[in-house]
Amino acid sequence: MIYLDNSATTKISDEALKTYIDVSQTHFGNPSSLHTLGVDAEAILRDSRKTILKTLGAKDGTLVFTASGSEANNLAIFGRAYAKERFAHGKILTTDGEHASVGSPLARLVKEGFSVVRIPTVGGVLDVDRLKKELTPDVILVSMMMVNNETGALYDLAAVKREMKSRCPHALLHADATQSYLKVTFSVSTLGADLITLSSHKIEGPKGVGALYVSGAVIQNKGLAPQILGGGQEDGFRSGTENVPGIAAFATAASVGFSAQKERIAKMEALRECTLRGVLDNPALSAVSVTLPPVHAPHILNITLPGIKSETMLHFLSAEGICVSSGSACSSHHAEVSSALVAFGRTASEADCSIRISFSYRNTEEDVQALLSALEKGLQKLARIGGKR
């Protein structure tokens, strides 16, 4: 099986799995307990937090562990909206192609009287003029993904933060780094974000673990309200007994990935370029259209097929032993057309015929060649079937 759906999830690494098993079996205490096993678990939790913060280059602030990247996004958005009474009906900026874990919370806030403005991203480029116009003093939060999970477009959030400082200095920048962490080089200081979402299973850690970086200034100003109440774990930001084995394995994956980040990024970029050239230079694939944002992440390539629905091609490729996707895994079972691709400039019918190829450093050029051959075979076969209907 050739796995090219690494933006949906990655295979847990041997190192992370070993950590998970060891902590589960040997260090299984509740980190809130005062006995030896509890103190032991608390130390693992503390060390894991330090490890991941180090990969972010964080000089202050904390990391709030959650059960997923989606939960971290919800905490960032609702936590900011409900932090102060004066924020009621405040203004929030985002892009027009966000993941549902950002788009859906914002849709709820609109019903509650908040103002939400979606900045256009035609061609995979943030509309800077519109952004500047909307960065008014009443903005309380700007929530944007660093890398679009479907097109691979990379947005310059550091530039967004610079504009915020002069136009709405009290607003927070929330960066959803789910698709960029360890795939795009950045740090807390270079990014300038106040809140950053991370997800374990996107970097070869286990599923069921996410995190939200919260800056020291946000903590000091009480600028984020907890959304899960109870025992007050995670410095009061997220109650509930922490998933210590999962968190420890997340930290292991982060540490290993951070040490090899440069080499892994170069490998994924080379695979993406190889696939791109293989599509553009093959006459048999000339009808395939490639989504090409001017600045992109190294691991995502989206292509549009000529009149063949993505689901049809996915099943064909799966039968050939190749796994890709039609977009966000979180929305793959729903009938809605991809908002990210429409925001990019694709028509609804084109978006319905698009597939996402996402690489890992573990993939090879042989995987790419197998994909290109299967695409060629699939186009020929599925076009004949379509023509007979």
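Values for this structure:
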| item | result |
| --- | --- |
| Residues that are in contact (Cβ under 8 Å) with a residue 24 or more places away in the chain and surrounded by fewer than 13 Cβ atoms within 10 Å (Cβ to Cβ), drawn from the stretch 218-242 | Lys222, Gly231, Asp235 |
| Residue within the stretch 220-234 that is touching a strand residue (DSSP E or B) at 6+ places or on another chain (Cβ under 8 Å), over 21 Å from Ala67 (Cβ atoms) and not in a helix (DSSP H, G or I) present | yes |
| Any hit, the stretch 280-294, residues being closer than 16 Å to Ser7 by Cα, assigned to a loop (DSSP other than H, G, I, E, B) and under 19 Å from the mean Cα position of the chain (by Cα) | no |
| Which numbered condition Phe87 misses (of (1) of a type in the set (Phe, Trp, Tyr); (2) in contact with a Phe, Trp or Tyr (Cβ under 9 Å, 6 or more places away or on another chain); (3) within 30 Å of Ala248 (Cβ to Cβ)) | (3) |
| Unmet criterion (only one of (1) hydrophobic (A, V, I, L, M, F, W, C); (2) free of Cβ contacts under 8 Å to residues at least 40 places away in the same chain; (3) closer than 28 Å to Val337 by Cβ; (4) surrounded by fewer than 19 Cβ atoms within 10 Å (Cβ to Cβ)) for Ala88 | (3) |
| Residues of the stretch 51-69 classified as under 16 Å from the mean Cα position of the chain (by Cα) and part of a helix (DSSP H, G or I), total | 1 |
| Candidate set: the stretch 117-126, residues that are under 15 Å from Ala340 (Cβ atoms) and without any contact (Cβ under 8 Å) to a residue 40 or more places away in the chain; chosen: the one surrounded by the fewest Cβ atoms within 10 Å (Cβ to Cβ) | Arg118 |
| Selected residue [under 30 Å from Glu320 (Cβ atoms) and outside any helix (DSSP H, G or I)] from Ser7, Ser33 | Ser7 |
| Qualifying residue in the stretch 171-187 (condition: more than 17 Å from Ser101 (Cβ to Cβ), crowded, with 24+ Cβ neighbours inside 10 Å and among the acidic types (Asp, Glu)) | no |
| Only one of Ala76, Ala8 that is in contact with a His (Cβ under 7 Å, 6 or more places away or on another chain), of a type in the set (A, V, I, L, M, F, W, C) and buried (at least 18 other Cβ atoms within 10 Å of the Cβ) | Ala76 |
| Test set (1) closer than 30 Å to Ile44 by Cβ; (2) buried (at least 19 other Cβ atoms within 10 Å of the Cβ); (3) modelled with pLDDT under 95 - Ala329 fails condition number | (2) |
| From the options Thr94, Thr121, Thr136, residue that is in contact with an Asp or Glu (Cβ under 9 Å, 6 or more places away or on another chain) and not aromatic (Phe, Trp, Tyr) | Thr121 |
| Search result, residues across the stretch 30-52 that are without any contact (Cβ under 8 Å) to a residue 24 or more places away in the chain, surrounded by 14 or more Cβ atoms within 10 Å (Cβ to Cβ) and more than 19 Å from Thr252 (Cα to Cα) | Ser33, Leu37, Gly38 |
| Evaluation of Leu37 against (1) modelled with pLDDT under 95; (2) touching an Asp or Glu at 6+ places or on another chain (Cβ under 7 Å) (one fails), failing number | (2) |
| Hits in the stretch 91-126 (condition: in contact with a Lys or Arg (Cβ under 9 Å, 6 or more places away or on another chain) and within 22 Å of Lys165 (Cβ to Cβ)) | Ile92, Leu93, Thr94, Thr95, Ser115, Val116, Val117, Ile119 |
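Yes/no matrix, rows are residues, columns are (1) within 25 Å of Ser7 (Cβ to Cβ); (2) part of a loop (DSSP other than H, G, I, E, B):
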site	(1), (2)
Leu109	no, no
Gly113	no, yes
Arg118	yes, no
Gly123	yes, no
Lys132	no, no
Pro137	no, yes
Ser143	yes, no
Thr151	yes, yes
Glu163	no, no
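The values are calculated or read from the model by the stated rules, or taken from the named source; none is laboratory data. Source: prediction; values computed, not measured. Cβ coordinates were reconstructed from backbone atoms using ideal geometry, including for glycine residues, and neighbour counts include every protein chain displayed.
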